[in-house]
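Working notes for the structure below.
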Amino acid sequence: MHLSRAVVLSGGPGAGKTTLLNALGQAGFPVVPESGRAIIQAQQQQGGRALPWADRQAFARAMLARDSAHYAANDDAEGWVFFDRGIPDIRGYCRVAEIEEPPALDDGITRCRYYPTVFLAPPWPAIYAQDAERRQDFATATTTFEHMRRVYTESGYRTLLLPCCDVAGRRDFVLRALEAGSGTASQQGTGGVPSAGL
């Protein structure tokens, strides 16, 4: 896969990233789910401690390993691939958690380059909800968003805020932004781009 085809959706928790990722998947695009939630679910089932409320550094290392594997697994994909968070998100997490970064994180951020524009979901109180894996309050979610925006800027990416609108509008916003940058986005998925307004 040409590295610039790996598109990251980031931001704070509970801002609608996963819903948007699912909509892009339904439109025919390959998608890569968030590593953090999958790790939490697996660790809870196994009785492990690589959890953000048990061993944060182990959790960060697990995310780096999983995110690196996901990136490598999509190396030969064609067209756009959408990632629910990227490797730089781990740096943002470490800053929020006030822990040391995994030793290989800097190399991972340098080596695994995504599309130059990262789409950020801003804090959105109307849809924010906690659950079994998302235990942060809204204030922490907002702080996380600010760290993610800073980390991606520091890592050489342009950040673009997603509008606070319905999922069809968000999906179209992303695809139109990519199309404007390359002229190919609307032709990559099997479902096309519906005409929902932004």
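The values are calculated or read from the model by the stated rules, or taken from the named source; none is laboratory data. Keep in mind that what you see is a predicted model, and the values were worked out from it rather than measured. Cβ coordinates were reconstructed from backbone atoms using ideal geometry, including for glycine residues, and neighbour counts include every protein chain displayed. Heads up: the accessible areas ignore ligands, DNA and RNA and are worked out on the full protein's heavy atoms, side chains in. Shrake-Rupley method; radii C 1.70, N 1.55, O 1.52, S 1.80 Å.
Looking for something more than 21 Å from Glu179 (Cβ to Cβ) and either at pLDDT 90 or above or in contact with a strand residue (DSSP E or B) (Cβ under 6 Å, 6 or more places away or on another chain) (or both) - is there at least one such residue anywhere in the stretch 20-30? No, the stretch 20-30 contains no residue that is more than 21 Å from Glu179 (Cβ to Cβ) and either at pLDDT 90 or above or in contact with a strand residue (DSSP E or B) (Cβ under 6 Å, 6 or more places away or on another chain) (or both).
The single condition from (1) assigned to a helix (DSSP H, G or I); (2) closer than 27 Å to Glu179 by Cβ that Tyr114 fails is (1).
Screening Thr144 against (1) of a type in the set (S, T, N, Q); (2) modelled with pLDDT of 95 or more; (3) assigned to a helix (DSSP H, G or I); (4) within 14 Å of the chain's Cα centre (by Cα) leaves a single unmet condition, (2).
Summed over the stretch 96-111, residues that are within 28 Å of Trp80 (Cα to Cα), open to solvent by less than 30 Å² (accessible area, probe 1.4 Å) and either in a loop (DSSP other than H, G, I, E, B) or not β-branched (Val, Ile, Thr) (or both) total 2. Comparison of Ala104, Ala23, Ala54 shows that the only residue that is hydrophobic (A, V, I, L, M, F, W, C), over 19 Å from Gly156 (Cα atoms) and without any contact (Cβ under 8 Å) to a residue 60 or more places away in the chain is Ala54.
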